[in-house]
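Presented below is the structure to which this report refers.
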Amino acid sequence: MQRMNPQVAEYSIQRNYLDLIIDLPWNEYSKDKFDLKRAERILDRDHYGLEDVKRRIIEYLAVLKLRNDMKSPILCLYGPPGVGKTSLGKSVAEALGREYVRISLGGLRDEAEIRGHRKTYIGAMPGRIVQSLKKAGTSNPVFILDEIDKLASSHQGDPSSAMLEVLDPEQNKEFYDNFLEMGYDLSKVMFIATANNLGTIQPALRDRMEIINVSGYTIEEKVEIAKKHLLPKQLKEHGLNTSHIKIGKPQLEKIVEGYTRESGVRSLEKQIAKMVRYAAKSIAIEEDYNVKISNEDVVKILGSPKMQRDKYENNQVAGVVTGLAWTSVGGDILFIESILSKGKGNLSITGNLGKVMKESATIAMEYIKSNADRFGLDVSIFEKYNVHIHVPEGATPKDGPSAGITMLTSLVSLFTQRRVKKSLAMTGEITLRGKVLPVGGIKEKILAAKRARIKEIILCADNGRDINEIKESYLKGLTFHYVKDMHEVIDIALTDVKVKNAKKL
């Protein structure tokens, strides 16, 4: 560089290169804090719930404490928006006593953003990884790779392929940046990726990460989060304190149930901000208002409730059964209705159903036809009547493998005109042999049932392990029936009482 003329274009490139090499934290590591009790306190202080994620982080710290040298795992927090994936990274950095670095990968489509440009190009720069380490000042920060599922590829290369080397604990000891032109050790960096959708992540990249599912919050958890985190935060941001506005648990529950329908808490925070702004406005213009917010005040400030949760309906009509559904914003109950009309044995299915649910209805119908004797049915009725199955709320698309047993119970109730047991719901898939198969989303479905005041739930026996993972307080007042065969479902679900004005088939 001394021999080079400062006017030459290469001079600035050479200067940038040397500056980078001098500024990079080669072998500089911050000292980890191994006080696991303190780490637990920090994680519990900042995040309510998320037990699996916290447990995994504490396990990582415990191993690091015992070995004092460990290749950092690559964790991928996967879940819906607004559940606290990015903010978890901040808490982890504080708990570990490490520097915190975050890069957003959403829409990134140039490979050089990860790997850097070669120095032959004009305006050559190192990649985002190396730049962030320079900014952090240590070689072992907590590194958040935000929205890793939104990496795009273009004619400038595929950044997700460039990430393969960054996120491989066996390879990233010698991460090669094109600008740096030498290996850099990333093995001590704790990478935490976040994603909303695993389907768009390249399979090889997904294989390198440990996927931790950060599912949505229950109503009870949302109320606690609002009370402990969201309300104090909004009061501080609006220059108020707890003496200016008080929102009780029943009112918070009303806001959660009536004005938000999401897995995370972003919309909930917006609604709470609206409540706090109302108090701020009243104070500013010296207007009287209720410091302790009542249910009437909630409606006055936020307007009429926008969401109405399904409530359990009566069992006076044959063919109406309550099913349990999983949605991206938590669980819900749905009703499956079926009726008979004079015809030639046609089956109609409506309610904006997907392919899987339509197939479940067909399987249920064929199973009843082949087992008519066991249900005490005359085979000729299948040729005299048309069957129509409908799932209400036709504007909402519905699909998934969890309505099989509900459809079959609905049809048996219809053909036998027997009542379905009161306050009962069910979820599970069926096979043509009548076997009941397990389904997912059990926690969300159970909580939906509880909100709808369901007392009994029919599940596949294999789903018993999912029930064991749910807190006992959520299961209070519920009775579970574990089944393996469709005949067990019918015996539990249907009473011997015929509905009023039962049809004579």
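Considering only region 392-418, state which residues are at pLDDT 80 or above and of a type in the set (S, T, N, Q).
Scanning region 392-418 gives Ser402, Thr406, Thr409, Ser410, Ser413, Thr416, Gln417.
Please specify each residue of region 203-237 satisfying the condition of being over 16 Å from Leu88 (Cα atoms), in contact (Cβ under 8 Å) with a residue 12 or more places away in the chain and not charged (D, E, K, R).
Ala204, Leu205, Met209, Thr218, Ile219, Val223, Ala226, Leu231, Gln234, Leu235
Quick one: Ile225 ticks every box in (1) modelled with pLDDT of 85 or more; (2) farther than 29 Å from Tyr78 by Cβ; (3) of a type outside the set (Asp, Glu) except a single one, so which number is it?
So the condition that Ile225 fails would be (2).
May I ask you to list pairs of residues, at least six apart or on different chains, whose Cβ atoms are under 8 Å apart, with the first in region 258-274 being assigned by TED's automatic domain parsing to the domain that holds Lys236 and more than 12 Å from Gly82 (Cα to Cα) and the second being assigned to a loop (DSSP other than H, G, I, E, B) and polar (S, T, N, Q)?
As it stands, the answer is Gly258/Gln308; Gln271/Thr260, since those pairs meet every condition given.
Any idea which of Glu383, Glu366, Glu393 is out of contact with any helix residue (DSSP H, G or I) (no Cβ under 8 Å at 6 or more places or on another chain), outside the structural domain of Val256 (by TED's automatic domain parsing), of a type in the set (Asp, Glu) and at positive phi?
Within the list Glu383, Glu366, Glu393, the selection yields Glu393.
Looking only at residues that are among the β-branched types (Val, Ile, Thr) and assigned to a helix (DSSP H, G or I) in region 58-78, which one is farthest from Leu186 (Cα to Cα)?
The qualifying residue farthest from Leu186 (Cα to Cα) is Ile58.
Quick check on Val412: is it touching a residue at least 12 places away in the same chain (Cβ under 8 Å) and assigned to a strand (DSSP E or B)?
Taking the combined requirement at face value, the residue does not satisfy it.
Which members of region 462-505 meet the condition of being under 24 Å from Glu221 (Cα atoms), among the β-branched types (Val, Ile, Thr) and assigned to a helix (DSSP H, G or I)?
Ile467
List pairs: first in region 2-29 and β-branched (Val, Ile, Thr), second surrounded by 13 or more Cβ atoms within 10 Å (Cβ to Cβ), Cβ under 8 Å, 6+ apart or cross-chain?
If the second residue must be surrounded by 13 or more Cβ atoms within 10 Å (Cβ to Cβ), the pairs left are Ile13/Lys119; Ile13/Ala124; Ile21/Leu180.
In region 456-505, what count of residues is obtained for those that are among the polar types (S, T, N, Q) and touching a strand residue (DSSP E or B) at 6+ places or on another chain (Cβ under 8 Å)?
Result for region 456-505: 3.
Please note which helices (runs of 4 or more DSSP H) are completely contained in region 79-180 and include at least 2 residues that are among the small types (Gly, Ala, Ser).
Answer list for region 79-180: 85-96, 128-136, 159-166.
For region 165-199, name all the residues that are under 26 Å from the mean Cα position of the chain (by Cα), closer than 27 Å to Met125 by Cβ and not aliphatic (A, V, I, L, M).
Scanning region 165-199 gives Asp168, Phe191, Thr194.
Could you tell me whether any residue of region 375-394 is within 30 Å of Lys445 (Cα to Cα) and among the polar types (S, T, N, Q)?
no
Residue-by-condition table, conditions (1) farther than 30 Å from Glu224 by Cβ; (2) assigned by TED's automatic domain parsing to the domain that holds Met163; (3) among the charged types (D, E, K, R); (4) in a helix (DSSP H, G or I):
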{"residue": "Ile21", "(1), (2), (3), (4)": "yes, yes, no, yes"}
{"residue": "Pro25", "(1), (2), (3), (4)": "yes, yes, no, no"}
{"residue": "Lys31", "(1), (2), (3), (4)": "yes, yes, yes, no"}
{"residue": "Arg38", "(1), (2), (3), (4)": "no, yes, yes, yes"}
{"residue": "Ile42", "(1), (2), (3), (4)": "no, yes, no, yes"}
{"residue": "Arg45", "(1), (2), (3), (4)": "no, yes, yes, yes"}
{"residue": "Arg56", "(1), (2), (3), (4)": "no, yes, yes, yes"}
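Starting from residues that are in a loop (DSSP other than H, G, I, E, B) and touching a residue at least 60 places away in the same chain (Cβ under 8 Å), keep the ones in region 440-461 and report whichever is surrounded by the most Cβ atoms within 10 Å (Cβ to Cβ).
So, considering only residues that are in a loop (DSSP other than H, G, I, E, B) and touching a residue at least 60 places away in the same chain (Cβ under 8 Å), the one surrounded by the most Cβ atoms within 10 Å (Cβ to Cβ) is Ile454.
Assuming Arg56 fulfils every condition listed in (1) over 28 Å from the mean Cα position of the chain (by Cα); (2) surrounded by fewer than 19 Cβ atoms within 10 Å (Cβ to Cβ) apart from one, which condition is it?
(1)
The values are calculated or read from the model by the stated rules, or taken from the named source; none is laboratory data. Treat the numbers as computed from the prediction; the structure is a model and nothing was measured. Glycine gets a Cβ as well: all are built from the backbone with ideal geometry, and neighbour counts include every protein chain shown.
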